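Below is one structure; the comments refer to it alone.
The values are calculated or read from the model by the stated rules, or taken from the named source; none is laboratory data. Note that this is a predicted model, so its numbers are computed, not measured. FYI the Cβ positions are ideal-geometry reconstructions off the backbone, even for glycines, and counts take in every protein chain you see.
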Amino acid sequence: MVERTGRPGYLQIADDLRQQIRDGRLATGQALPSTARLREEYEVSAGVVKSAISVLRTEGVVVGQQGKGVFVRDTADVRPSGDTPPAAEGDDVTLRQLTEVLAAVRDLGERVARIEQSVFPEPPPAGRPGK
């Protein structure tokens, strides 16, 4: 279940799935659970699940196969952060720009979550009157 921590739900789900992959609970080549199953497990909408999977795809942790599902990639295929393959100079520039954009998007997501938390605070627990 996604917790109300101020961190966006899709990032919490991505973190949890990433941890399951590291722990070996989701093995290389294994399909991730279906969107419907992840929706039930985390008690979120399909859009939140799809956003979490998109994060993992962007990181290269999983790969989607049209009509078949999303599968855990072999960690040998995934380069550590900052380790780039030999490429043309233009490719390096594009990769650097993409990395900067992804960092900015993550930062914006966290900032929006903090704003949402301040604007929409958690309701008081049942049985206790609010202020």
Next item on the list: Check Q20, Q12 and return the single one that is at pLDDT 90 or above, part of a helix (DSSP H, G or I), surrounded by 14 or more Cβ atoms within 10 Å (Cβ to Cβ) and out of contact with any helix residue (DSSP H, G or I) (no Cβ under 9 Å at 6 or more places or on another chain).
Entry: Q20
Item checked: Every residue from segment 29-61 that is of a type in the set (S, T, Y) and within 18 Å of V2 (Cα to Cα) -> S34, T35, Y42, S45, S51, S54
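Conditions (1) over 17 Å from the mean Cα position of the chain (by Cα); (2) at pLDDT 95 or above, marked per residue:
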| residue | (1), (2) |
| --- | --- |
| S51 | no, no |
| F71 | no, yes |
| D77 | yes, no |
| R114 | yes, no |
Next item on the list: Check R25 against each of (1) among the charged types (D, E, K, R); (2) touching a Leu at 6+ places or on another chain (Cβ under 9 Å); (3) part of a loop (DSSP other than H, G, I, E, B) and name the one condition it does not meet.
Entry: (2)
Next item on the list: Please specify each residue of segment 1-25 satisfying the condition of being under 12 Å from L38 (Cα atoms) and among the aliphatic types (A, V, I, L, M).
Entry: M1, V2, I13, A14, L17
Checklist line | Matching entry among A36, A52 (being free of Cβ contacts under 8 Å to residues at least 60 places away in the same chain, loosely packed, with under 12 Cβ neighbours inside 10 Å, on the phi < 0 side of the Ramachandran plot and not in a loop (DSSP other than H, G, I, E, B)) | finding: A36
